[in-house]
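J.: Handing you this structure, nothing more for now.
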Amino acid sequence: MKAYVVKNGSYQFISVNNPRLGNKQIKIKLTSAGLNHRDLMIKERFANNTDAYILGSDGAGIVDQIGTEVTRFQVGDEVMINPSLNWYEKSAAPPAEFEIVGAPFSGTFAEYIIISEDFAEPKPNYLTWEEAGVLCLSGITGFRALFTQGEIKSGQTLFIPGVGSGVNSFIIQLAKAIGARVITTSRDKNKLKEAEVLGFDRALLTDDDWEKLLEKEEIDLVIESIGGATFNRSLNVLKKGGRIVTFGSSTEDKMTLNLREFFYGQYQLIGSTMGSREELREMLNFIEKHQIRPLLDKSFPFKEIDQAFAYLDKQKQLGKIAITFE
């Protein structure tokens, strides 16, 4: 089968053989997949590795073959990939066995994927194939950050910098669905205008004076994924005793934090990443109840995946980027 891999420090198309189907595994013919920032950054991690690893953490498709002990699915079922492997129950942190689909575990940028039936879920009927293909990584990450770790409640105010992120665009919709007030930001005024479809309550530009403009807002929760470039600015608008959840760092990983100001402010700093199968299923029930769809920016056919990578690298997207298979 044709696959898009990282090998010898570069991304490339190659032909690979399907592994043998295990008794509890299913073989899925991919219909769509989602591109994530993880796919952009993973090349450096495997820069000196001569083995080929299939990229891609998000995907959806049709069950093509099932193992002899599979009980949850039948051939022809429409399913989505759960990219959060070996993490079954909601817990304070993932187990030691936790893995993410897509390098080194074989990913979704291929014509087929073989995976345990434990880590596939039925595709919601109301979602298109493209929407289903980009949903799970952003959905599970956003749901855990907002509800499990952030403990957002109706009537509370969320501040979330970076409206264009696929995860952030999803979090905004989740927060609005439970009646929270949402404030977001972007470097691009036009992007903020386009993002109004998400339903946020207020928007600021990245270069605005956040503290001055938000001095009358009582912000209960900040969700940060930008990192060093904005972390302290975000912390400075959080109310005393508020919570700040961080799940990513698209800029600097390291920064300086004033500990005295932090402990006097009684702030709570909480890390988050991905989520359990239990949380994924909670998220799927939640979005079906509220008819929430991931925000799609653009789709690329599988053969043009190099162009999709270049597009994501420019950070001009609003929402998710889908890969479609013929």
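Quick note: the coordinates plus some simple rules give every number you see, no bench work behind them. Note that the structure is predicted; figures quoted are calculated from it, not measured. A quick note on method: Cβ atoms are made from the backbone with ideal geometry, for glycine too, and the neighbour counts reach across all protein chains shown.
J.: Using the Karplus curve 6.51 cos²θ - 1.76 cosθ + 1.60 with θ = phi - 60°, what ³J(HN,Hα) values do you get for each residue of the stretch 175-187, in whole Hz, with x for Gly and Pro?
T.: Taking θ as phi minus 60°, the curve returns 5, 5, 5, 9, x, 8, 8, 10, 10, 9, 9, 7, 6 Hz for the stretch 175-187.
J.: Right, here's the next one. With θ set to phi - 60°, apply the Karplus curve 6.51 cos²θ - 1.76 cosθ + 1.60 along the stretch 147-160 and write out the HN-Hα couplings as whole Hz, x wherever there is a Gly or Pro.
T.: In residue order, the calculated couplings are 9, 5, 8, x, 6, 5, 10, 4, x, 7, 10, 10, 10, 9 Hz.
J.: Compare the peptides 87-99, 119-131, 23-35, 139-151 by average per-residue count of other Cβ atoms within 10 angstrom and give them in order, highest first. Write out the running numbers ahead of the final one.
T.: Details: 87-99: 12.2, 119-131: 18.5, 23-35: 22.5, 139-151: 24.2.
Top to bottom by mean Cβ count within 10 Å: 139-151, 23-35, 119-131, 87-99.
J.: Place +1 on the Cβ of every Lys and Arg and -1 on the Cβ of every Asp and Glu in the stretch 151-271, take the dipole about the Cα centre, and give the residue among S225, S186, I152 whose Cα lies farthest towards its positive end.
T.: I152
J.: Same structure again: Longer than 31 Å from Cα to Cα, which of K27/K254; K43/K303; K90/K314; K123/K239 are they? Say none if no pair is.
T.: Result: K27/K254; K90/K314; K123/K239 exceed 31 Å.
J.: On a C-alpha basis, how far is the centre of the stretch 1-75 from the centre of the stretch 168-245 in Å? Whole number, if you could?
T.: 35 Å
J.: Using the Kirkwood radius over Cα pairs, work out the Stokes-Einstein diffusion coefficient for the stretch 113-183 at 37 °C and 0.692 mPa s, in µm²/s as a whole number.
T.: 244 µm²/s
J.: I need the semi-axes of the equivalent ellipsoid of the stretch 94-154: take the C-alpha gyration tensor, multiply each eigenvalue by 5, square-root it, list largest first in whole angstrom.
T.: After diagonalising the Cα gyration tensor, the semi-axes are 24, 18, 10 Å.
J.: Can you give me the orientation-averaged projected area of the convex hull built on the Cα atoms of the stretch 151-271, in nm²? The partial results should precede the final answer.
T.: Values: hull surface 27.7 nm².
Answer in nm², one decimal: 6.9.
J.: Continuing with the same structure: In sequence order, what are the phi-derived ³J(HN,Hα) couplings for the stretch 67-82 according to the Karplus relation 6.51 cos²θ - 1.76 cosθ + 1.60 with θ = phi - 60°, rounded to whole Hz, with x for glycine and proline?
T.: x, 5, 10, 6, 10, 8, 9, 10, 4, x, 5, 8, 9, 10, 7, 8
J.: Assign one of three labels to the stretch 187-247, namely rounded, prolate or oblate, based on the Cα gyration tensor with a ≥ b ≥ c the square roots of its eigenvalues; rounded applies when a/c is under 1.5, prolate when it is not and a/b is larger than b/c, and oblate otherwise.
T.: prolate
J.: Can you quote the Å³ per residue value for the convex hull of the Cα atoms in the chain, rounded to an integer?
T.: Considering the Cα atoms of the chain, their hull volume per residue is 133 Å³.
J.: Quick query: amide H of E111 versus all other amide H atoms, modeled in the peptide plane; which residues come in under 5 Å with a sequence gap of 5 or more or a different chain?
T.: For E111, whose amide H was placed from the backbone, the distant partners under 5 Å are K2.
J.: How many times 2.2 N^0.38 Å is the alpha carbon radius of gyration of the stretch 246-326? Walk me through the numbers on the way to the answer.
T.: Details: Rg = 18.5 Å, N = 81, 2.2 N^0.38 = 11.7 Å.
Relative to the rule-of-thumb radius for its length, the stretch 246-326 sits at 1.59.
J.: Taking +1 at the Cβ of each Lys and Arg and -1 at the Cβ of each Asp and Glu, which of A103, A177, I292 sits farthest along the dipole of the chain towards its positive end, judged by Cα position relative to the Cα centre?
T.: A177
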